[in-house]
Amino acid sequence: MELWEPESRCRRVQHYAASGSTLPWDRFSAWLECVCVVTFDLELGQAIELVYPHDVRLTEKEKTSICYLSFPDSYSGCLGDTQFSFRIRQSVGHKLSMNGEEEKYNRDAPVVLQWDRAHYYGFVYFRQVKDSTIKRGYFQKSLVLISRLPFVNLFCSLLQLVAPEYFEKLEPCLEAVCNEIDQWPAPVPGKTLSLPVMGVVIQVWIPSKNDKIGTSPLKQPNQENLLPAPMVIPTVNELDFFRCFQQILIHIQMVWELMLLGEPVIVMATSPTVSSDTVLALTSCIAPLKYYCDYRPYFTIHDNEFKEYTTRTQAPPNVVLGVTNPFFIKTFQHWPHIFRLGEIKMSGDLPKQIKVKKLMKIRTLDTKPGIYTSYRTFLHKDKALIKRLLKGIQRKRPSEVQSAIVRRHLLELTQSFIIPLERYVASLMPLQRTITAWKNPPQIRPFNQEEFMKTLEHAGPQLTSVLKGDWVGLYRHFIKSPNFDGWFRMRHQEMRKKLDILHFEVLCQADLLKWIREKSEVEIVDLVLKLREKLIKARVHQLPVREDLLEKLELYVETVISSLPHDLQVVLHRH
């Protein structure tokens, strides 16, 4: 089968869109980029055995990354079945532009669930079992789902269904599954979807940005129902915080602050499962704020960014790395924050909590779990939360309930922190009465840090949070972080779009025909060009402007053109 270059995929999309046909694998690619099978070859080492669909073209760099990240480090000693995830950069020049459906999805989805233009997410199901028929003595193979969507729960659940069957029946099984996925409806924020695969219906809800955070309309089916119940996945991405943070529960305040500020963090774990789950939980603990720094749920010495992240010639980058190889103990000893997680040990009913300590000797890091950091939190610990969780453990409260308590606490903390910033940024927006039809939209006022700090005295987080501490110091550090930069750029774009919409509406209400009576031909042509630019912007960027207003402005443009001399009309109709 012919392999297409990455750019040609865009041309195929345009070709099929123009013809009104459905693009082959179009529905599949709304969910997954491809499915890979990675095996161990005695001569080559880890190698990609199969990519499906066959026409997906991965660069050599991407193939190498997927190969090495799809197998646990030999130190992990993973026998049996292991699931974990990774995240890699797309190669330069291999980024596909988003089509209309993907742009619409991103407009409606929460920022933490948006389609990623720059990275691939990999979801791995690895099997290692003894096999005397194989020269190496072990069967070692991984089934890997590659996607631009961070739907960790959905794709891990899908792998649990598909991978065991694939290892038994191989390629025909995989082809059948991919064909079923190609029949799935597209992911639509705010909708509950039924996704049939291998005789099971997966029921999943994709949240929209307008939904109340932390809620899902889906509930687990009643076990008494005799009909084949669907496999219900209440949330596509939310991990069990209580399980992921069980060794560091008493330090949850510090964890939240480190993530909020985008500090460089290393997670050293005993397995890629613990490593990837912990990193994903860390980066999502500041939701609904998006974590804008880089993060790698599972990172190896073969990673393309290995040199970039291990150099000592500059300060560690703003990234969270999950590792399992003991080699990294020495390599990353200079990093400011290292979470060294050990095997789970119970202290009574409570998993033993690791301690915060300064890194004095590298030997300590090699042998003793702990959070190695000199960081001092800006806010005090919430002792009531810790007591509540401890009481829950004593009363055998279910893990999902404990997780909901942790998630609610972190959500309320982030909201208390972000509301004063939202309120101040909203005040930078020009007043609606300053928007006129005859001038360009007014400028948004720049963010002034000191002006914002003054608002905290009467409208700060103390209005919604009981936590005491140096909130002002926390804001000052946050404003210097990549997370603030990413959040503010997003809010600025939203305000810019809002201004464009308001200006568009004002234009539609203006009496343009009266205005052009006193204007020269040059000014009228200039107006036509600007109005056309507005219309293109509204159509291409799909601004939420009413269709009747778009039609009204298009009619205005035609009427204005018809008032000009014939030769100018011909020129304007031609362009």
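The values are calculated or read from the model by the stated rules, or taken from the named source; none is laboratory data. Keep in mind that what you see is a predicted model, and the values were worked out from it rather than measured. Reconstructed Cβ throughout: ideal geometry from the backbone, glycine too, with neighbour counts over all protein chains shown. We work out accessible area using only protein heavy atoms, side chains counted, and drop any ligands, DNA or RNA first. Shrake-Rupley method; radii C 1.70, N 1.55, O 1.52, S 1.80 Å.
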Considering the stretch 270-293, residues that are outside any loop (DSSP other than H, G, I, E, B) and under 11 Å from the mean Cα position of the chain (by Cα), and then whichever is farthest from residue 481 (Cα to Cα), we arrive at 280
Is it true that residue 204 is within 18 Å of residue 151 (Cβ to Cβ), open to solvent by 20 Å² or more (accessible area, probe 1.4 Å) and either of a type in the set (Lys, Arg) or not in a helix (DSSP H, G or I) (or both)?
no
Q | Qualifying residue in the stretch 240-249 (condition: surrounded by fewer than 21 Cβ atoms within 10 Å (Cβ to Cβ), outside any helix (DSSP H, G or I), within 18 Å of the chain's Cα centre (by Cα) and modelled with pLDDT under 95) | A | yes
Of the residues in the stretch 413-438, those that are surrounded by 16 or more Cβ atoms within 10 Å (Cβ to Cβ) and in a helix (DSSP H, G or I) come to 413, 414, 415, 416, 417, 418, 419, 420, 421, 424, 425
Among the residues of the stretch 469-478, is there at least one that is under 30 Å from residue 320 (Cα atoms), touching a Gly at 6+ places or on another chain (Cβ under 7 Å), in contact (Cβ under 8 Å) with a residue 24 or more places away in the chain and aromatic (Phe, Trp, Tyr)? yes
Here the residues within the stretch 127-169 that are modelled with pLDDT of 95 or more, in a strand (DSSP E or B) and of a type outside the set (Ser, Thr, Tyr) are 143, 144, 145, 146
Taking first residues from the stretch 479-508 that are within 27 Å of residue 294 (Cβ to Cβ) and among the basic types (Lys, Arg) and second residues anywhere that are surrounded by 14 or more Cβ atoms within 10 Å (Cβ to Cβ) and modelled with pLDDT of 95 or more, the pairs with Cβ under 6 Å that are 6 or more apart or on different chains are 491/425
Taking the stretch 350-383 and the residues there that are loosely packed, with under 14 Cβ neighbours inside 10 Å and of a type in the set (Val, Ile, Thr), the one that is modelled with the highest pLDDT would be 367
Scanning the stretch 103-139 for residues that are surrounded by fewer than 19 Cβ atoms within 10 Å (Cβ to Cβ) and within 27 Å of residue 198 (Cα to Cα), the one nearest to the chain's Cα centre (by Cα) turns out to be 115
Of the residues in the stretch 1-45, those that are at pLDDT 50 or above and over 28 Å from the mean Cα position of the chain (by Cα) come to 39, 40, 41, 42, 43, 44, 45
Going through (1) under 28 Å from the mean Cα position of the chain (by Cα); (2) touching a residue at least 40 places away in the same chain (Cβ under 8 Å) one by one, residue 386 fails only at (1)
The helices (runs of 4 or more DSSP H) lying entirely within the stretch 439-527 that contain at least 1 residues which are hydrophobic (A, V, I, L, M, F, W, C), at pLDDT 95 or above and crowded, with 16+ Cβ neighbours inside 10 Å are 449-459, 471-479, 482-509
Within the stretch 340-349, identify whether any single residue is assigned to a helix (DSSP H, G or I) and open to solvent by less than 60 Å² (accessible area, probe 1.4 Å), and answer yes or no.
-> no
Across the stretch 139-160, the tally of residues that are out of contact with any strand residue (DSSP E or B) (no Cβ under 6 Å at 6 or more places or on another chain) and over 15 Å from residue 86 (Cα atoms) stands at 2
Would you call residue 324 closer than 26 Å to residue 61 by Cβ and either modelled with pLDDT of 85 or more or surrounded by fewer than 18 Cβ atoms within 10 Å (Cβ to Cβ) (or both)?
-> yes
By residue number, the members of the stretch 133-149 that are within 30 Å of residue 187 (Cα to Cα) and either small (Gly, Ala, Ser) or without any contact (Cβ under 8 Å) to a residue 60 or more places away in the chain (or both) are 142, 147
Residues in the stretch 547-559: is at least one open to solvent by 20 Å² or more (accessible area, probe 1.4 Å), more than 37 Å from the chain's Cα centre (by Cα), at pLDDT below 80 and among the aliphatic types (A, V, I, L, M)?
-> no
With criteria (1) modelled with pLDDT of 80 or more; (2) of a type outside the set (A, V, I, L, M, F, W, C); (3) open to solvent by 90 Å² or more (accessible area, probe 1.4 Å), residue 574 comes up short on (1)
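Residue-wise test of (1) surrounded by fewer than 18 Cβ atoms within 10 Å (Cβ to Cβ); (2) part of a loop (DSSP other than H, G, I, E, B).
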{"position": "253", "(1), (2)": "no, no"}
{"position": "263", "(1), (2)": "no, yes"}
{"position": "266", "(1), (2)": "no, no"}
{"position": "313", "(1), (2)": "yes, yes"}
{"position": "330", "(1), (2)": "yes, no"}
{"position": "335", "(1), (2)": "no, yes"}
